[in-house]
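A short worksheet on the structure shown next.
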Amino acid sequence: MKIRKAVFPVAGLGTRFLPATKAMAKEMLTVVDKPIIQYAVEEAFDAGIEQIIFVTGRGKKALEDHFDRSFELELTLEKKEKYDTLKMLQELVPKTGTIVYTRQNEPLGLGHAIWCARDIVGDEPFAVLLADDLIQSSTPVLSQMISRFDRLRASLVAVMEVQMDQTDKYGILDADEIEDNVVRVRGMVEKPSPQEAPSNLAIIGRYILTPRIFDYLGQNRTGAGGEIQLTDAMGQLLKEQPVFGYKFEGTRFDCGDKAGFQMANLSFAMERPEIREKLAKFISELGQSICV
């Protein structure tokens, strides 16, 4: 079956970015001039996704408004003859029905957030994108993964190697490489200590999952942090279905981390011809002043 639907868990509070996120959804923090959620949504549409499912919580109205029409703003831009900006804003809004919203009423973890979308997803494979993981690549990572899924026909997670002292921040795989950039998963552990980690191969925020995962998520078993962990449910899924990991092509920035967020801004800004030269000069001067 074609991957038609993508789930975006966006109910988190963004406490690591307080006070900026006190009254603003963390997904609306901007990298250059676009919210990080827009990068993820564009990646999904570029990969052929037909329906976006946002799993939201309280305080996410700005996110919902971002993907809706703003008639007052559009009228103002039209009067000022700023037609290019007007066209850009209008193209930002997907067709009616393309975006669906559901609520996660309790902060019970990533697994629970995905389970909240079960009735909208239905009985078909689907994608999950975590907007905090912003990936710079020539081919969207989800597109890379869908091409592998079309051949493997099984659940697939994006993975990358991390430093061993960072394993307690990720879901970590026990896996065997079966071909270039693809591993078959034998087991997975959520946020293990470096001493207990089976490898340094970490799961990054892109997934393609079969609908069977909802049966395991619905058991409401809590794991690390007292939350319902997707990694634990996938570990159960492994008992009856294969799961694969894909070493994607691209550079991943953790926009849930302050340093990672700033690095993403610099890297994406350097792709913009209109600001690259000025920014490069500033970075060079800044680097020299720091060295002194």
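The values are calculated or read from the model by the stated rules, or taken from the named source; none is laboratory data. Owing to the predicted nature of the structure, the values given are computational and were not obtained by experimental measurement. Backbone-built Cβ (ideal geometry, glycine too); neighbour counts: all protein chains shown.
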Where Gly111 falls short, out of the listed (1) under 27 Å from Arg221 (Cα atoms); (2) among the small types (Gly, Ala, Ser); (3) outside any helix (DSSP H, G or I): (3)
State which residue pairs qualify: first residue without any contact (Cβ under 8 Å) to a residue 12 or more places away in the chain and inside segment 244-269, second residue aromatic (Phe, Trp, Tyr) and in a strand (DSSP E or B) in any location, beta carbons under 9 Å apart, and separation of 6 or more residues or different chains. Gly260/Phe253; Met263/Phe253
Among the residues of segment 159-190 satisfying the criterion of being part of a loop (DSSP other than H, G, I, E, B) and surrounded by fewer than 15 Cβ atoms within 10 Å (Cβ to Cβ), which is modelled with the lowest pLDDT? Asp180
Out of Arg118, Arg58, which single residue is in contact with a helix residue (DSSP H, G or I) (Cβ under 6 Å, 6 or more places away or on another chain), charged (D, E, K, R) and over 24 Å from Asp33 (Cα atoms)? Arg118
Return the residues of segment 118-132 that are surrounded by 15 or more Cβ atoms within 10 Å (Cβ to Cβ) and over 13 Å from Ala44 (Cβ atoms); say none if nothing qualifies. Arg118, Ile120, Val121, Pro125, Asp132
Residues of segment 63-100 being closer than 25 Å to Ala131 by Cβ, without any contact (Cβ under 8 Å) to a residue 12 or more places away in the chain and surrounded by 11 or more Cβ atoms within 10 Å (Cβ to Cβ), which ones? Asp65, Thr85, Lys87, Met88
Those residues of segment 247-277 which are loosely packed, with under 15 Cβ neighbours inside 10 Å, among the basic types (Lys, Arg) and outside any loop (DSSP other than H, G, I, E, B) amount to Lys258, Arg276
